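Below: one structure, written as structure tokens.
The values are calculated or read from the model by the stated rules, or taken from the named source; none is laboratory data. Worth saying up front: this structure is predicted, and the values here are computed from it rather than measured. Glycine gets a Cβ as well: all are built from the backbone with ideal geometry, and neighbour counts include every protein chain shown. Note: areas computed on protein heavy atoms with side chains; ligands, DNA, RNA excluded. Shrake-Rupley method; radii C 1.70, N 1.55, O 1.52, S 1.80 Å.
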Amino acid sequence: DAAGPFMLIAFHTLPDDDAAEYCRWLEAAVGTALGDDLSRYDLSYRQPWFEPWLVDPALPLIGHLSHAIETEMHRQPAAVTGMKQDSFVLNEHAGIPTISFGPGTIGVAGAVHEPDEFIDLQHAWDGFRAAHRAVRSWLAS
């Protein structure tokens with residue numbers, strides 16, 4: 001921007017998290033990554049316009065999707081907080097229960113939202129089948 005280079009790292013903390021500890025960890029990680037270039041940046045924090053949210057697990061669509069993930073993807077669904085995406089806006093500001101999910105791996109090289117992100121074709125196909133099964137089940141209920 002006009003003030004010079006900047007980097008935005010969007011994150012939120014949950015009520016039981018220690019925000020100060022998380023910020024120290026994040027600053028150390030950024031410092032390691034940027035080295036001497038860190039001096040080119042001003043570190044600042046601001047309250048984001050979005051808040052973390054969870055969809056009510058009792059909603060029927062959650063049950064349909066959970067069963068579909070177990071059946072088609074052969075794993076237990078992982079519930080996480082949502083943020084800064086369309087489903088957040090629809091849930092929190094339009095009152096429309098919305099979920100998002102994705103196939104793939106988590107926590108390994110090339111995994112979802114990691115460097116060199118990719119998805120195995122079989123994981124993609126399992127995700128398509130899970131979405132199809134969830135919608136069909138939901139519409140039939």
Counting just the residues of segment 6-44 that are exposed (fewer than 10 other Cβ atoms within 10 Å of the Cβ) and hydroxyl-bearing (S, T, Y), which one comes out modelled with the highest pLDDT? T32
How many of the residues making up segment 102-141 are modelled with pLDDT of 80 or more and open to solvent by 60 Å² or more (accessible area, probe 1.4 Å)? 19
If S87 passes every condition in (1) open to solvent by less than 80 Å² (accessible area, probe 1.4 Å); (2) modelled with pLDDT of 80 or more; (3) assigned to a helix (DSSP H, G or I) but one, which one does it miss? (2)
